[in-house]
Amino acid sequence: MSDKILLRNCRFIITQDSRRRILENKSILIEGNRIIKVSSNIKAKKDYDVVDCSENVVMPGLINMHSHVPMNIMRGWAPGLELKEWLNQIFKREAKLTKKDVYLGSRDAFNEFIKSGVTTTVDMYFKIEEIYKAAVESGIRAFLGYGMIDLFNDDKKALEEGRTKEVVKFIRSKNNELIQPIVSPHAPNTCSKDLLIWSRKFADENKILLGIHAGETKGEVELIKRKHHRELTRFLDSIGLLDNSILFHGVHLDYNYIKKVGRKPSIVHCPSSNLKLKSGMLNVYDVVRSGSNLCLGTDGVASNNNLDLLEEMKIAAMLFKVHQIEGRFKDVFIDQFLIDAVTINPAKALKLNAGFIKEGKLADLTILSLNNHLSNSTKKTILNNIVYAANSSDVKTTIINGKKVYENKCL
Ligand SMILES: [Zn+2]
């Protein structure tokens, strides 16, 4: 197969460049793992793999900022429970998972991601060696973190730190450009303060990103208040976990405080999971106003129940409106915020040379069909239709690191 792909005559290209331009009827040339040209006159050569995109929209590959991939084997388990009770059930079942279970769940999830146009995911779980194997087989780009939980026990803390060190060493030893480690303490209410402090230090010393569940429920805020005598957001700030951190959920964080002290965390909005487990509704308006970096995630299938990031955008957009019903932001801005939250914002958080379409950027691309939910779209309506009309069934092709990893021949 050629390592040069020509996406010819793309009906729309959502560039996500600094001017957020939408190009019409231009072509994209990919060589190796990079985009090398975006232009209206690229001539096809003999060794090019030419893809006619005249009925497609090409956008930067979707980046999912929060998942637990092995949970795909638990789709629909423990329904109707709120987070605390749900976790009790899930933890019991997770304790019984074999290596094979973790591998099969991960393989299923990565497959689902790729079919949904997701080119990168940030994952937290255990038995990382099995997840790694499944990720490499699928061709996805992934950040894999071992979810540390010490439940305030010193012996357990030492074990969890040791496990994280092993996982980082394992992933780095593979030297695979698609897979990177991430330091992943599970949450402030399942990790001791010392483990959280160690996590920050270890991440910084080894130049690894850090991702943690934070502010998912009111109960977590109350527990931190009782345990550490501080409001959760201030507690996180006091141990260096606001800046340069990826915070999953963030429903119950104090965004006025974040704005006041000028911290810039990445907040990963997971609307389906938060609504299903009745954890609350993140006020996206507050997140944007605070200067935080808004990103989007599916969370695991056990609390979602799918990995359709395009569908997640619609739910997030609806919730955004609930919280700013007086209409301080026009719809057109909300659409753009959501497109940013799955492309350029997460790329920035992950320090990835991706998230927008330009010469020199990584060739991670999602190609959608204009013959299904996006039919009759114009330059003016395409963003609104991607946010409100599209779902994973509109994904025609997914390209990761310059390779076609998924193609829907029916579209
Ligand atoms: Zn989670």
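The values are calculated or read from the model by the stated rules, or taken from the named source; none is laboratory data. Quantities reported herein were computed from a predicted structural model and do not represent experimental measurements. When we count neighbours, we look across all protein chains shown, and the Cβ atoms used for this are built from the backbone with ideal geometry, even at glycine.
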Which condition number does residue 204 fail, the rest of (1) out of contact with any helix residue (DSSP H, G or I) (no Cβ under 8 Å at 6 or more places or on another chain); (2) within 26 Å of residue 102 (Cα to Cα) being met? (2)
Take the residues in the range 77-130 that are in a loop (DSSP other than H, G, I, E, B) and in contact with a Ser or Thr (Cβ under 6 Å, 6 or more places away or on another chain), then tell me which one is surrounded by the fewest Cβ atoms within 10 Å (Cβ to Cβ). 116
Can you tell me which residue among 372, 385 is modelled with pLDDT of 95 or more, part of a helix (DSSP H, G or I) and either of a type in the set (S, T, N, Q) or closer than 22 Å to residue 28 by Cα (or both)? 385
Please go through (1) polar (S, T, N, Q); (2) part of a helix (DSSP H, G or I); (3) surrounded by fewer than 21 Cβ atoms within 10 Å (Cβ to Cβ) for residue 164 and return the number of the only condition it doesn't satisfy. (3)
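Rundown of residues vs (1) buried (at least 23 other Cβ atoms within 10 Å of the Cβ); (2) at pLDDT 95 or above, yes/no style:
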residue: 225; (1), (2): no, yes
residue: 272; (1), (2): no, no
residue: 295; (1), (2): yes, yes
residue: 305; (1), (2): no, no
Taking the conditions exactly as written (outside any loop (DSSP other than H, G, I, E, B), more than 15 Å from the ligand (Cβ to nearest atom) and buried (at least 21 other Cβ atoms within 10 Å of the Cβ)), does residue 287 satisfy them or not? yes
Residues (within 12 Å of the chain's Cα centre (by Cα) and either in a loop (DSSP other than H, G, I, E, B) or farther than 19 Å from residue 284 by Cβ (or both)) located in the range 303-346: 307, 308, 342, 343
Looking at the range 214-228, which of the residues that are touching a residue at least 60 places away in the same chain (Cβ under 8 Å) and not in a helix (DSSP H, G or I) is nearest to the ligand (Cβ to nearest atom)? 216
From 210, 195, residue being modelled with pLDDT of 95 or more, outside any loop (DSSP other than H, G, I, E, B) and more than 16 Å from the ligand (Cβ to nearest atom): 195
Mind checking which pairs have a first residue in the range 131-151 that is in a loop (DSSP other than H, G, I, E, B) and a second that is hydroxyl-bearing (Ser, Thr, Tyr), Cβ under 6 Å, 6 or more apart or different chains? 149/190; 150/192
Could you please give the count of residues in the range 233-272 that are assigned to a helix (DSSP H, G or I), within 16 Å of the ligand (Cβ to nearest atom) and closer than 18 Å to residue 221 by Cβ? 0
